[in-house]
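**Student:** After the structure tokens below, expect a handful of questions from me.
What follows is calculated from the coordinates using simple rules that are stated; it is not laboratory data. Treat the numbers as computed from the prediction; the structure is a model and nothing was measured. For neighbour counting, all protein chains shown are included, and Cβ atoms are generated from backbone atoms with ideal geometry for every residue, glycine included.
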Amino acid sequence: MRRLTSFCFLASLFCVTFEKIHWNFAGTVSLADVLAILFLVSFVASTKRATVPRTTVVLLGFFGAFLLVYLAGYFNLTDSDSLQQWAKGLAKWLIHFAFLAAAVVWISRRGQWYFWRALGWFSAGIVANATYGILQLLDARRGGNLDSTLLSPITGGASQINIYGRVEGAVVYRPNALTGDPNHLGIMLIVPLLVLAPLYLRLERGHPWRKWLMLTIAFLLFVEAATLSRSVVLGLLVGALLLAIPYRRYLVSWQLLVPIGTAVGVLLVIVLTRRHFFEVLLGTRVATGGKSESAHFSIYGFVPQILHTHPVFGLGLNTFSVYYEFVTGKSNWGPHSYFVALIVETGLVGTALFGLFMVWVFGRLHRARALGRALAASGDPLAARVRPLAWGFTAAIAGTLAANAFYLTIQFYYFYALTALALSVPVVFARRPR
């Protein structure tokens, strides 16, 4: 049973960003959801002791508090569409938060070696997603649709690469890979970049993983550029500024300049082959006065309206799309912002609770950094792993929060997996290996 539980857990981490692999059965059921449910069932069936880490106890407390807020929002639902969205959102949240709590217990019981395994599968899944994005882009350039070839026979659905527009008669593609949006892909790639970079910088010379992490970082930076996402720039900038505090002596080191230089060099070669094309394209992405930019900023205008009508618990979990359609008449969800959706759906109470939750998460990462300093003071070589992990997860979560100012990925399953790994660091590494 433990092998089955481990398989479902690691497979779920690997597939956590594969949004396109889903089926329309009693709503939208993704592959990651199926694996998460199988993990939870197997975890409960195989658990023979009731003791859990204190971190999980606190998580269960937050679980109860969030659940009360979401149930209170039920009484603000106004129609059947809102009720349907609320029910879907609550079901997804129950699965994801239960996974978060169970994952911390599962990793803590398996120890340090298993944590590294879990982080490896999580990162490998995102790298695989990015690889699919490049293949998707190359296939689209020759007139194909990789989604139709590979995914449609599995899911029965229809999807394709994002088409940004045309420049000089040529179609501009933005890879969305196995996510639903190129911006989602870009924001998700922030996580392995910021988590793995500190680990890479602290690896000893000659370590077998040093070369692979360098190549991975260079590749992910290249894919980030291909998404043409401005929210990614914001998220990476916030995360990089945080990492620049403890790793400032590495800013001009060859360890950092080689992967960045490799990605920039490849991009420069591509740009120079079609210089005018990319000048026009990049000009459209740095412009700030277009309709897209106005829409992204104007969405914050929803906040005063909701605070006036439903200030305490908002309109109800997962009802932002219904409200957006009611106000604008558009059913395409429109521009997103996690923080606008948070206030609209859960009001001041839900927003304050989420803020408290994130303060606690960052507090646990602060504890992990303190643990790393204590290990370093005692001369323990494990410090060279714990401190980079703590700083990397801090930067990744901060960067994700910043990027969600104009997009909405925090409510996705991958963020719960990220949080589970981050919270496991001070739990797992406070114990000595068995």
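**Student:** Starting from the Cα of residue 158, step 7 Å along the direction of its Cβ; do the same at residue 382; then give the gap between the two resulting points in nm.
**Tutor:** The answer from the label model is 5.5 nm.
**Student:** Starting from 0.36 nm per residue, how many nanometres of slack lie between residue 48 and residue 25 once their C-alpha separation is accounted for?
**Tutor:** Taking 0.36 nm per residue and subtracting the Cα distance, the gain is 5.0 nm.
**Student:** Which ³J(HN,Hα) values, rounded to whole Hz and listed in residue order, are derived for the stretch 173-183 from phi using the Karplus coefficients 6.51, -1.76 and 1.60 in 6.51 cos²θ - 1.76 cosθ + 1.60 with θ = phi - 60°, glycine and proline given as x?
**Tutor:** Values per residue, Gly and Pro as x: 9, 10, x, 10, 6, 9, 9, x, 7, x, 5 Hz.
**Student:** Let me ask another. For the chain, give the magnitude of the charge dipole about the Cα centre (Cβ charges: +1 Lys/Arg, -1 Asp/Glu; no others), in debye to the nearest 20.
**Tutor:** Details: 36 positive and 15 negative charges, 409 e Å.
Dipole of the chain, to the nearest 20 debye: 1960 debye.
**Student:** Turning to a different aspect of this structure: Can you tell me which of 178, 189, 71 moves the most in a GNM of the chain? Springs connect C-alpha atoms under 10 Å apart.
**Tutor:** 71
**Student:** So how do 72-79, 212-219 stack up, highest first, on mean other-Cβ count within 10 Å?
**Tutor:** Order by mean packing, descending: 212-219, 72-79.
**Student:** May I ask you to evaluate 6.51 cos²θ - 1.76 cosθ + 1.60, the Karplus curve with θ = phi - 60°, for each residue of the stretch 40-46 and list the ³J(HN,Hα) values in order in whole Hz, giving x for glycine and proline?
**Tutor:** These are the phi-based 3J(HN,Hα) values: 4, 5, 5, 4, 5, 5, 9 Hz.
**Student:** Over the Cα atoms of the stretch 12-127, compute the convex hull volume and normalise it per residue, giving Å³.
**Tutor:** On the way: hull volume 13.8 nm³, N = 116.
Per residue, the Cα convex hull of the stretch 12-127 comes to 119 Å³.
**Student:** Let me ask something else. Indicate the gyration tensor shape class of the stretch 2-428 (rounded, prolate or oblate), computed on the Cα atoms with a ≥ b ≥ c the square roots of the eigenvalues: a/c under 1.5 is rounded; otherwise a/b larger than b/c is prolate and the rest oblate. Walk me through the intermediate numbers first.
**Tutor:** Working: a/c = 1.43, a/b = 1.01, b/c = 1.42.
Note, shape of the stretch 2-428 comes out rounded.
**Student:** Now for a different question. Can you run phi through the Karplus equation (6.51, -1.76, 1.60; θ = phi - 60°) for the stretch 355-372 and list ³J(HN,Hα) in whole Hz, with x for Gly and Pro?
**Tutor:** x, 5, 4, 5, 4, 5, 4, 5, x, 5, 5, 4, 4, 5, 5, 5, 4, x
**Student:** Rounded to the nearest Å, what's the spacing between the alpha carbon centres of the stretch 38-105 and the stretch 113-179? Just the number, please.
**Tutor:** That distance is 30 Å.
**Student:** Report relative contact order for the stretch 2-428 in percent, whole number only (criteria: Cα-Cα under 8 Å, sequence separation at least 6). Working shown, then result.
**Tutor:** Details: 574 pairs, mean separation 98.2, N = 427.
Relative contact order here is 23 percent.
**Student:** Related question: Which far-off residues, 5 or more places away or on another chain, put their amide H under 5 Å from the one on residue 30, with H placed in the peptide plane?
**Tutor:** Under 5 Å from the amide H of residue 30 lie the amide H atoms of 23, each far enough along the sequence or on another chain.
**Student:** Set the Förster distance to 35 Å, then compute FRET efficiency between residue 237 and residue 75 from the Cβ-Cβ distance, nearest 0.05.
**Tutor:** Details: r = 41 Å, r/R0 = 1.17.
Efficiency, rounded to the nearest 0.05: 0.30.
**Student:** Right, another one. Could you sort the peptides 151-160, 179-188 by per-residue average Cβ neighbour count (10 Å cutoff), highest mean leading?
**Tutor:** On the way: 151-160: 14.2, 179-188: 25.2.
Answer by packing, highest mean first, reads 179-188, 151-160.
**Student:** Moving on to the next point. Are there trypsin sites (Lys or Arg not before Pro) in the stretch 1-91 that DSSP puts in a loop and that have at most 11 other Cβ atoms within 10 Å, and which ones?
**Tutor:** Details: sites: 2, 3, 20, 48, 49, 54, 88; in loops: 20, 48, 49.
Listed in order of number, the matching sites are 48, 49.
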